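One structure is given below, encoded as structure tokens.
Computed from the coordinates by the stated procedures, all read-outs in this text should not be read as laboratory data. This one's a predicted model, so the numbers in the text were calculated from it and none came from an experiment. Glycine gets a Cβ as well: all are built from the backbone with ideal geometry, and neighbour counts include every protein chain shown.
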Ligand SMILES: [Mg+2]
Ligand SMILES: [Zn+2]
């Protein structure tokens, strides 16, 4: 393999953009109660694997409940702080949580399937979109990821019901859980574990050790 010629790509990180409701946590419509937050099956394992491979983990979520007046920004922040604290118990750190709080039809550029949240995160966090992925449970997530220049995984768990088709709404991969999505996209990207990619902040040591993944030819 040749050494990378561009220095820009060496300073930018690939990200995994993760939809929140129905992908990271169970979908409870318009929920603002932290006590009702439940991570989806294998979500924790999936995030641990992705983090070990050096991906920045960024949640991108439509929260029209704010724009509709059902709950406010503060309630949303409280729920997200709770979510972050629960993930931190597993040594998982989110690089960001980006929410569109506008009503459907408000014409904003951030409500998925628009790519605004991903583009803003990429600018804020210096992310390499062409090496990044979007994972979500409906085709609007796929379209947002595709529009931002990322590859995509559809969590095929029955939450998409309309299946409106267009070239941008065809996922690169499909999976049943976040862990399966993580495993598949790592193989597809030929990504390598990034054992030393995280600063030693006293986080749980398990985050610095890539889980065994025998499907990677270098690891195997
Ligand atoms: Mg969703
Ligand atoms: Zn918006």
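Per 0.36 nm of contour for each residue apart, how much would the distance between residue 125 and residue 28 grow if the chain were fully extended, relative to their Cα-Cα spacing?
32.0 nm
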extent check for region 30-125: Cα max minus min per principal axis, descending, whole Å, gives 38, 31, 21
Taking N as its residue count, the alpha carbon Rg of region 121-160 over 2.2 N^0.38 Å: 1.20
Out of every Cα-Cα pair in region 13-81, what percent are more than 19 Å apart? 37 percent
Can you give me the distance in nm between label points at residue 72 and residue 106, each placed 7 Å from the Cα along the Cα-to-Cβ direction? 1.6 nm
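Given R₀ = 35 Å, what would the calculated FRET efficiency be for residue 36 paired with residue 164, taking r from the Cβ atoms and rounding to 0.05?
Working: r = 30 Å, r/R0 = 0.85.
Once the sixth-power term is evaluated, E becomes 0.70.
Ratio to report: Rg/Rh of region 101-145, with Cα atoms as the point set and Rh obtained by the Kirkwood method; give two decimals. Please list the in-between numbers first.
Details: Rg = 11.0 Å, Rh = 11.1 Å.
For region 101-145, the value is 0.99.
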Compute the distribution of all C-alpha to C-alpha distances in region 14-208, in bins of 10 Å from 0, and list the percent of pairs in each, rounded to whole numbers. 9, 38, 39, 12, 1
